[in-house]
Amino acid sequence: MGWWEVSADTLAGSRFAISPLAETIATLKTLHRGTAAHPGERAWLERHLPAYRRRLTDDPVTAALVRAALGHRWNATFLTPTPAGDPLAELPSLAEELVPVRATSPATVRADLAVSLEGRPLPGPLRRAGDLPERTAGLLEWVWKEAVLPYWARRRRVLEADVLTRSAQLSRGGWTAALAGMRPGMRWLGANRLQITADDHPPRELDGARLLFVPVTPQQSWVSWDVSPAPGQQRSAVVYPCSGVLAETGRMAVPEALGALLGPARAGVLVLLGTPKSTTQLVALTGQGLGSVGRHLKVLLDARLAGRRRAGRSVLYFRTEAGEALVAAQCDG
């Protein structure tokens, strides 16, 4: 199996981080795969996949670059730089996160592509092209603008809700609980060992490195690490798909009739309660303030459309049978 040796200091300093570039790369991987993980993603693909395919048809060099970079088992390293992940700083812009991609030399790009191709020959256009880093950055900018940015406010709320959920799991059950189900093949083994994959890969020692956990809304995952870090600035990252429930609820639409009946904001809260959620998660998912969410929950509780129960230190809210019937009637209408 592939595992990382993580010292106690490294684990204690680990952080969750949100990255526009990671979300864009995950979106690129989904477009390139061309298959959906759930109904919400299927509708999104139907909207954006034709334009993506036209863009690659019009630019065969970039098309060959993407096919080579997204290998069967390995992503080309230059394509997936480790996010900065500074919790004290503002969320970086895509342009800021693309700086290391653009700074990669064409020779390094070709070397990384040789690894991701796993022995297959590098296509001729990629051997000759001297603008591979800029082509990569340009494609990622296009994916961000066309397929991520229109949904970014909602996706960001979903990502923030996932981080809140994982952080709560961490406080209650430690890293074993927080890492459970994060990505296939990953689990905490104890004795300073974090299993990254069930595949057989050499172990990596992360003593003194900064370890980041980065959620994305598409069902994609990968790991990254700095190849030539400055002393004391080593970083590694695990990019993982956020909770399927949260990812799907982030794409749920509020039925128009239900919004007219309850008000759009309150109806949105009721729709999200298809699976139990805390007020903190609802705030993150809706973008509403804590006071507003609290008022909506009180009305829904008084109307017996929602109920609540305690789960450890959290109070979770859920739809009652009456709430389920109301949402189902409006969705079917």
Filter result for Leu189 (under 21 Å from Ala8 (Cα atoms), at pLDDT 70 or above, open to solvent by 20 Å² or more (accessible area, probe 1.4 Å) and among the hydrophobic types (A, V, I, L, M, F, W, C)):
yes
For residues in segment 21-38 being touching a residue at least 24 places away in the same chain (Cβ under 8 Å) and farther than 13 Å from Ala147 by Cα, which is least open to solvent (accessible area, probe 1.4 Å)?
Ala22
Hey, any hits in segment 272-290 for a residue that's among the small types (Gly, Ala, Ser), surrounded by fewer than 22 Cβ atoms within 10 Å (Cβ to Cβ), under 27 Å from the mean Cα position of the chain (by Cα) and not in a loop (DSSP other than H, G, I, E, B)?
no
Test: residue in segment 194-202 that is open to solvent by 20 Å² or more (accessible area, probe 1.4 Å) and either touching a Ser or Thr at 6+ places or on another chain (Cβ under 9 Å) or at pLDDT 75 or above (or both):
no
Return a yes/no flag: does segment 115-128 have any residue that is open to solvent by 70 Å² or more (accessible area, probe 1.4 Å) and either touching a Ser or Thr at 6+ places or on another chain (Cβ under 6 Å) or among the β-branched types (Val, Ile, Thr) (or both).
yes
Test set (1) more than 30 Å from Gly289 (Cα to Cα); (2) in contact with a strand residue (DSSP E or B) (Cβ under 9 Å, 6 or more places away or on another chain); (3) modelled with pLDDT under 75 - Arg172 fails condition number
(1)
If Trp144 satisfies all but one of (1) within 30 Å of Thr275 (Cβ to Cβ); (2) loosely packed, with under 14 Cβ neighbours inside 10 Å, what's the number of the condition it fails?
(2)
Name the single residue, out of those in segment 39-91 being polar (S, T, N, Q) and either part of a helix (DSSP H, G or I) or in contact with a Cys (Cβ under 7 Å, 6 or more places away or on another chain) (or both), that is least open to solvent (accessible area, probe 1.4 Å).
Thr62
Can you find a residue in segment 93-100 that is of a type in the set (Asp, Glu) and in a loop (DSSP other than H, G, I, E, B)?
no
Scan segment 93-107 and report the pairs whose first residue is open to solvent by less than 60 Å² (accessible area, probe 1.4 Å) and whose second residue is in a loop (DSSP other than H, G, I, E, B) and not hydrophobic (A, V, I, L, M, F, W, C), with Cβ atoms within less than 6 Å and a gap of 6+ or a chain change.
Pro106/Gly130
For Val223, are the conditions met, namely being assigned to a strand (DSSP E or B), closer than 21 Å to Met182 by Cβ and either open to solvent by 20 Å² or more (accessible area, probe 1.4 Å) or modelled with pLDDT under 85 (or both)?
yes
Of those in segment 235-254 that are assigned to a loop (DSSP other than H, G, I, E, B) and surrounded by 18 or more Cβ atoms within 10 Å (Cβ to Cβ), the residue modelled with the highest pLDDT is Cys242
Taking the stated definitions as given, is Leu11 in contact with a strand residue (DSSP E or B) (Cβ under 9 Å, 6 or more places away or on another chain), touching a residue at least 60 places away in the same chain (Cβ under 8 Å) and closer than 30 Å to Ala191 by Cα?
yes
Which listed residue is of a type in the set (Lys, Arg), touching a residue at least 24 places away in the same chain (Cβ under 8 Å), surrounded by 14 or more Cβ atoms within 10 Å (Cβ to Cβ) and assigned to a helix (DSSP H, G or I), from Arg156, Arg183, Arg110
Arg156
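The values are calculated or read from the model by the stated rules, or taken from the named source; none is laboratory data. Keep in mind it's a predicted model, so treat the numbers as computed, not measured. Positions of Cβ are backbone-derived with ideal geometry, glycine not excepted, and every protein chain shown enters the neighbour counts. When the accessible area is computed, the model is the full protein with side chains, heavy atoms only, and any ligands, DNA or RNA have been set aside. Shrake-Rupley method; radii C 1.70, N 1.55, O 1.52, S 1.80 Å.
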